[in-house]
Every structure is written in C-alpha cells, then in structure tokens.
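The values are calculated or read from the model by the stated rules, or taken from the named source; none is laboratory data. What you see is a predicted model; the values in this text were computed from it and never measured. Methodologically, a virtual Cβ is constructed for each residue, glycine included, from the backbone with ideal geometry; neighbour enumeration extends over all protein chains shown.
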Amino acid sequence: MPVAEENAPESEAWQEPVTLPFNVHVLIDRLMAKKDVILHILEAVEQRLSANLGEVRTGLERGENDRVHVGLHAIKGSAGTLAADVLLLISRKMEESARGGDILAVERRMPQLQREIQRCLDFIPRARNLINALI
C-alpha cells in the first residue's frame, strides 16, 4: 500500500468506483422520454427478473437445461431493455453455456448473476426517482 494511502484518513483512502447497475439516461433515450412507458417497463422488469431467476434456479435443481436456457434468455432481454450492461454480459455468457450444455459453468456464475440482478432490483426505486426528476 502506498504511504499516502496508508496515512490517509479512512474517508480519504482510495475506494473502487461504484458503477450503477443500469443507465437511466440510455433508457430515457431509447424510450423517447415517455415517462409512463419507462415507469411501466421498470415495473415489469422488476417483477420479471425475480421470476426469471427463479426459473433458472428451478431448472438447475431439476436438471432441466431448456428451462435454464429460457430463463437466462429472458434475463438477458430484461438486461438489454434496462441498459444493464454488466447483467447483459453475465446472462449472455451463461445463456451460451446453457445452450452448449455446460451446466457447471452456469452454476459457477449463479452467485454473480444473483448479485447483479439484486443490484438492478435495488436500484429501480432510485431510477424511478431520477426519471421523475428528469422528465
């Protein structure tokens, strides 16, 4: 650790930058600033992400690769809609693994997928506030 950081007060110590789980400005642009449509999509995605994650879990538990693939495909679609680039990348890689029958690769990435979905879900209320303030 460099000396400057070592002696710096905790509040001044370097911290890894935090990125938002999805880009509200891109979402607004894609949907032509139609507030009612954007808010409706946020609500729908909020409900679907949890349900789709449940489908992936159930598919893994039951060894139903098709169910896993369909759930991941739906998550990937929601991620694209939200402009959630990290979630899109994770779900795309997992979907490719599922399509190829590599369920172990899917299982290894599940914690990462769950964390990123939770980040998106946790951010949706803040995104609503931002949209209401911007449009």
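Among (1) modelled with pLDDT of 95 or more; (2) over 28 Å from ASN129 (Cα atoms), where does GLU6 come up short?
Condition not satisfied by GLU6: (1).
Could you give me the residue pairs with C-beta distances under 6 Å whose first residue belongs to the stretch 106-117 and is free of Cβ contacts under 8 Å to residues at least 12 places away in the same chain, whose second residue is of a type in the set (Asp, Glu) and in a helix (DSSP H, G or I) wherever it lies, and which are 6+ apart or on separate chains?
Close Cβ pairs satisfying both conditions: none exist.
Looking at the stretch 62-82, can you tell me whether even one residue there is crowded, with 19+ Cβ neighbours inside 10 Å and modelled with pLDDT under 95?
yes
Kindly provide the set of residues from the stretch 86-102 that are crowded, with 16+ Cβ neighbours inside 10 Å and either of a type outside the set (Asp, Glu) or farther than 25 Å from GLU61 by Cβ (or both), ordered by number.
VAL86, LEU87, LEU88, ILE90, SER91, ARG92, LYS93, MET94, SER97, ALA98 - these are the residues of the stretch 86-102 that are crowded, with 16+ Cβ neighbours inside 10 Å and either of a type outside the set (Asp, Glu) or farther than 25 Å from GLU61 by Cβ (or both).
Scan the stretch 39-58 residue by residue and report those that are of a type in the set (Gly, Ala, Ser) and in contact (Cβ under 8 Å) with a residue 40 or more places away in the chain.
Listed by number, the list holds a single entry, SER50.
Matching residues to (1) part of a helix (DSSP H, G or I); (2) within 12 Å of PHE22 (Cα to Cα); (3) hydroxyl-bearing (Ser, Thr, Tyr):
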position: VAL70; (1), (2), (3): yes, no, no
position: GLY77; (1), (2), (3): yes, no, no
position: GLU95; (1), (2), (3): yes, no, no
position: GLY101; (1), (2), (3): no, no, no
position: ARG108; (1), (2), (3): yes, no, no
position: PRO111; (1), (2), (3): yes, no, no
position: ILE117; (1), (2), (3): yes, yes, no
position: ASP122; (1), (2), (3): yes, yes, no
position: ARG126; (1), (2), (3): yes, yes, no
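Do we find that ALA127 is without any contact (Cβ under 8 Å) to a residue 60 or more places away in the chain, out of contact with any Gly (no Cβ under 7 Å at 6 or more places or on another chain) and not hydroxyl-bearing (Ser, Thr, Tyr) in this structure?
Against the criterion (without any contact (Cβ under 8 Å) to a residue 60 or more places away in the chain, out of contact with any Gly (no Cβ under 7 Å at 6 or more places or on another chain) and not hydroxyl-bearing (Ser, Thr, Tyr)), ALA127 does not qualify.
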